[in-house]
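Working notes, beginning with the structure itself.
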Amino acid sequence: MDTRTKIALVTGGSRGLGRNSAIKIAEKGLDVIITYKSNKEEADKVVEEIQALGRKAIAYQLDTKDIKSFDAFVKNVGDHLEENTGSRNIDYLVNNAGTALYSPISEVTEEQLDDVVDIHFKGVFFLTQKFIPFMNDGGGIVNISSGLARFALPGSSVYGSIKAGVEMLTKYMAKELGSRKIKANVVAPGAIETDFGGGRTRDDKHMNEMVASITALGRAGLPDDIGGVVAFLCTEDARWINGQRIEASGGMFL
Ligand SMILES: NC(=O)c1ccc[n+]([C@@H]2O[C@H](COP(=O)([O-])OP(=O)(O)OC[C@H]3O[C@@H](n4cnc5c(N)ncnc54)[C@H](OP(=O)(O)O)[C@@H]3O)[C@@H](O)[C@H]2O)c1
């Protein structure tokens, strides 16, 4: 049995769902690498919180839109890991980083659409591509999608469609990496109370009530509802789950 401490990398680990996932993953006994885009202060707090759990953690700046920076990022992570573990490899990659776009089809600009594609699809695709040579066999990829890839709410055409693309991409990852026993799965959260989209699920009372009213469990989601699901997929207990979409939405639009 492989008793080595496993390592997970979580993009967008400074806040919201990524932060919660990183901490829950550390609670499962893994060491964690997180990335942030601009919020170093929040990222450093997450690192401290993980270290307080007795696990190793480090934060790197990464803009997942900036594909050209990925080679240097992967090299920096690899140098760090080689120095500290003797191997450049990670075990789990959680593609979580992202921003919201709410805009009706009639108003979406090309720039907005490109932005969503770059962050939520191209970034996920190429970051994964760059890490494939540096993932241990038997590890896993967790891509964060959204309930909006299953049901349509006005204003989320671009975001929901691109997340649906990530869900299909995940099946291809599962298929192509299966020979190395690397799993790939999707966690699709419902509307969760984070800073996402200006914090509207959390801070807009009407929005929060609307979400609660269409959710079987009767409330909007919290980061704590999601991180444990992601963390589970980064454990041996989840080793036979592959190419799947797990929606964690409390039962939205059932
Ligand atoms: N909250 C929801 O209702 C919900 C529902 C379904 C799916 N999701 C998905 O869940 C994921 C996380 O969302 P969240 O709610 O946790 O959002 P959040 O609270 O706004 O946090 C976003 C995280 O992503 C990072 N980030 C933003 N843009 C980035 C970029 N261009 N490159 C790299 N990192 C970037 C941020 O870094 P900084 O802290 O440095 O800014 C932060 O760590 C996203 O993929 C989102 O689409 C969210």
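The values are calculated or read from the model by the stated rules, or taken from the named source; none is laboratory data. Everything numeric here is computed off the predicted structure, so don't read it as measured data. As a convention, Cβ positions derive from the backbone with ideal geometry for all residues, glycine included, and neighbour counts pool all protein chains shown. What goes into the accessible areas is simple: the full protein's heavy atoms, side chains included, and nothing from ligands, DNA or RNA. Shrake-Rupley method; radii C 1.70, N 1.55, O 1.52, S 1.80 Å.
Taking the stated definitions as given, is K24 surrounded by 20 or more Cβ atoms within 10 Å (Cβ to Cβ), closer than 22 Å to G139 by Cβ and within 14 Å of the ligand (Cβ to nearest atom)?
Yes; evaluated as a whole, the condition is true for this residue.
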Quiz prompt | Which listed residue, of D225, D237, is away from the ligand (no atom under 16 Å from the Cβ), closer than 30 Å to K6 by Cα, among the charged types (D, E, K, R) and out of contact with any helix residue (DSSP H, G or I) (no Cβ under 7 Å at 6 or more places or on another chain) | solution = D237
Quiz item: For the range 61-75, how many residues are closer than 23 Å to F196 by Cα and more than 10 Å from the ligand (Cβ to nearest atom)?
Solution: 1
Quiz prompt | Verdict on G160 being in contact (Cβ under 8 Å) with a residue 60 or more places away in the chain, part of a helix (DSSP H, G or I) and not polar (S, T, N, Q) | solution = no
Exercise. Taking the options G78, G140, G98, G147, name whichever one is away from the ligand (no atom under 16 Å from the Cβ), open to solvent by less than 60 Å² (accessible area, probe 1.4 Å) and closer than 22 Å to A248 by Cβ.
Key: G140
Self-check item: Residues located in the range 27-50, provided they are among the small types (G, A, S), open to solvent by 10 Å² or more (accessible area, probe 1.4 Å) and closer than 17 Å to T64 by Cβ
Solution: S38
Quiz item: Can you name the residue in the range 181-221 that is surrounded by fewer than 18 Cβ atoms within 10 Å (Cβ to Cβ) and of a type in the set (D, E) and is also farthest from the ligand (Cβ to nearest atom) among such residues?
Solution: E209
Practice problem: Can you run down the residue pairs with Cβ atoms below 7 Å, 6 or more apart or on separate chains, where the first is in the range 223-244 and over 26 Å from G165 (Cβ atoms) and modelled with pLDDT of 95 or more and the partner is basic (K, R) and open to solvent by 60 Å² or more (accessible area, probe 1.4 Å)? | Solution: T235/K28
Quiz item: For A174, are the conditions met, namely being more than 9 Å from the ligand (Cβ to nearest atom) and within 14 Å of G251 (Cα to Cα)?
Solution: no
Quiz item: Does the range 209-219 hold any residues that are within 19 Å of S156 (Cβ to Cβ), free of Cβ contacts under 8 Å to residues at least 40 places away in the same chain and under 23 Å from the mean Cα position of the chain (by Cα), and which are they?
Solution: T215
Practice problem: Using the structure shown, decide if R88 is under 15 Å from S21 (Cα atoms), away from the ligand (no atom under 14 Å from the Cβ) and open to solvent by less than 70 Å² (accessible area, probe 1.4 Å). | Solution: no
Exercise. Return yes or no: is E176 under 30 Å from P104 (Cα atoms) and either assigned to a strand (DSSP E or B) or of a type in the set (D, E) (or both)?
Key: no
